[in-house]
1. Compute the distance from the alpha-carbon center of region A:118-186 to that of region B:36-75, in whole Å.
2. Give the relative contact order (percent, whole number) for region A:1-126; include only Cα pairs under 8 Å separated by 6+ residues.
3. Could you compute Rg(Cα) / (2.2 N^0.38 Å) for chain B, with N its residue count?
4. Top mean-square fluctuation among B:A198, B:A124, B:A214, Gaussian network model of chain B, C-alpha springs under 10 Å?
5. What does the average come to when, for each residue of peptide A:236-242, you count the partner chain Cβ atoms lying within 10 Å of its Cβ?
6. Taking each residue of B:115-122 in turn, how many C-beta atoms of other protein chains fall within 10 Å of its C-beta, and what is the average?
7. Using +1 at the Cβ of each Lys and Arg and -1 at the Cβ of each Asp and Glu in the protein assembly as shown, identify which of A:T243, B:A180, A:P400 lies farthest towards the dipole's positive end.
8. Place a point 7 Å from Cα of B:D166 in the direction of its Cβ. Which residues in region B:179-200 have their backbone N less than 19 Å from it?
Amino acid sequence: MSQPTWKNPIVAWIDYRLPIFTFTHHELVDYPTPRNLNYWWNFGSLAGVVLVIMIVTGIYLAMHYTPHTDYAFASVERIMRDVNYGWLIRYLHMNGGSIFFAVVYIHLLRGLYYGSYKAPREILWIIGVLIIFCMMATSFMGYVLPWGQMSFWAATVITNLFSAVPLVGEEIVNWLWGGFSVANPTLNRFYALHFLLPFVIFALVFLHLWALHVHKSNNPLGVEMSGDADSIPFHPYYTIKDTFGLGVLLVVYFGFTFFAPNVLGEPDNYIEANPLVTPSHIVPEWYLTPFYAVLRAITFDIWFIPAKLIGVVAMFASIGVLFFLPWLDTSPVRSATFRPVYKQFFWLFVIDCVVLWYVGANPPEGWFIPLGQFATAYYFFFLVILIPLIGFFERPRAVPDSIASAVTAGADPHREQS
Amino acid sequence: MVGRILGAAVAAVIAVTTANAAEAPRAPGQEWSFDGIFGTYDRNALRRGLTVYTSVCGACHSLDLVAYRHLGAVGYTEDEIKAIAAEFEVEDGPDEDGEMFSRAALPADAFAAPFPNEQAARAANSGTYPPDLSLITKARKHGADYLYAMLIEYRDEAPDGFELLDGMYYNEYFPGRQIAMPPPLFEDGVKYADGTKATVAQMAWDVTTFLAWAAEPEMEERKRLGIKVLIFVLVLTAMLYALKRQIWSRLH
């Protein structure tokens, strides 16, 4: 961590007045990083790259898109057919949304497994949850813009959820719509907000990184870096590792974009929106179906509270509960590597999320209803009950004194293979 | 414990999926020239398909998102395109007297629509609205297979116990199994310029190819570019991996 001296006189002149080069050197070159990060730690930087791709492709799409109910569908098709490489920009943006969520969900589960949310990284974690909230709002509104059947009906279903608010529900929904149904004013404001929110996400990412760089990365052992032997400089070790990871991600991303650009979407969205025809199954995009399953799991009133209101609260709570995770977890040990009981229930939770994802993509009938209810129950049971309880009763394995001692002893099962 | 619960969950999911599949039959998968990462549109089928569209489907179904000039991308010459467009009339105007007028279509025009608006289309089709076909293969699950099966699988009579509404036709693959469109294709219903015999299956095949192109005119360019991009990224990633190993070896 030496203070860099700048040989180039122009760089030195600027840096004396605005130390942007010194800052970059400290935060991206010298920045001490645990030496034992595994590939699960790649997904944070990958999410950042995908965000940039989404903003760049989105701005180009905005140059050609018309946010009017009469022209929106045709303007998207004009992008696909007549704008130079418009199909490429649009498919990159469309599939980029899916890739973004896939990467961020892995990033989140990594944090959950290795206890990255624990002190002193609570605010870092909370900002991350806020980013996911913003991503969901952004992707939902973006999905409405092509003004296909699924756009229109997803907008109708989701905005109608707010009618569950007691007393003023109807007023809130009309206020959201800017009228008495999903119509042109709704499309206009969704477009404006879809353009705005990514920059809010960008600002939150900046805060997320700021908080990260105060206490630095967690690592697979979950013990803090305590000396020079525990850390390596970010550059070149993690710059090259992250770049290699980006290459792997791009293979997947481009594979979808060029060869199966529509497999993750619904065919109905290539039919122009028609308020008079309801599609037989209204389903959200795959990355939102787990929460849709939670919403629909509540089929019963509790006392005087209607099922719909409980469902809406449960849906928002399924993400909202993550805000409290740092205080729900009572275990003194961070990493699940040393937590034999938590580890089991964590993987059950992952399976549970997959079940919710599958249930949410299917019509609410037959076996899907009890299955969705069971999966929803476990979702909250794990986060609110099991996590505090396991912390009390579990007997963790011995945690190594330092990263370096574990790495040199070869005791770390997550150690790099290279 | 995790394994046992996982097993039970998988079994439940499989049971549910098979129960659901009984509702709507999946159209049999066909081998299309445009399948796969090297797929291209069969040019001869495309030309024949254009004939089927203009002389059969085009009588009721519009193709609003496709312009005659787009045919240039699949091998039609400028003169051919002009000649095809000139067979159709489109409304233009207003002229300097403020009147709308009719003129022959130009390559820059979208395919001429059979009806001026939805009301006119409904009036001419006993109240039903023949949908625009520009995106039809993208707007259905397994669109090309579905369209082909739907076109050839008309039945003269509905199975016993099936309640067919008045003026509807029984079709196994259409959602709800009844469709307002009369069987559109008949043996030798069109005359192919290349002398191919116009069987129902042949016409269905050709027009499906044509409409698949209409829905995804960028597909050939997309796949060609995709192969180059993927080869580039794969080689780059392999080299990055080698570099990563080399750099990290300093630590061990």
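1. 40 Å
2. The normalised contact order for region A:1-126 reaches 24 percent.
3. 1.36
4. B:A124
5. What the average comes to for A:236-242 is 4.
6. Other-chain Cβ atoms within 10 Å of each residue's Cβ, averaged: 0.
7. Of the candidates, A:P400 comes out farthest on the positive side.
8. Under cut-off, by backbone N: B:179-182.
Laboratory data are not the source of any read-out in this text; all were calculated from the coordinates shown. This structure is a prediction, so every number in the text was calculated from the model and none was measured. Every residue, glycine as well, gets a Cβ built from its backbone with ideal geometry; the counts of neighbours run over all protein chains shown.
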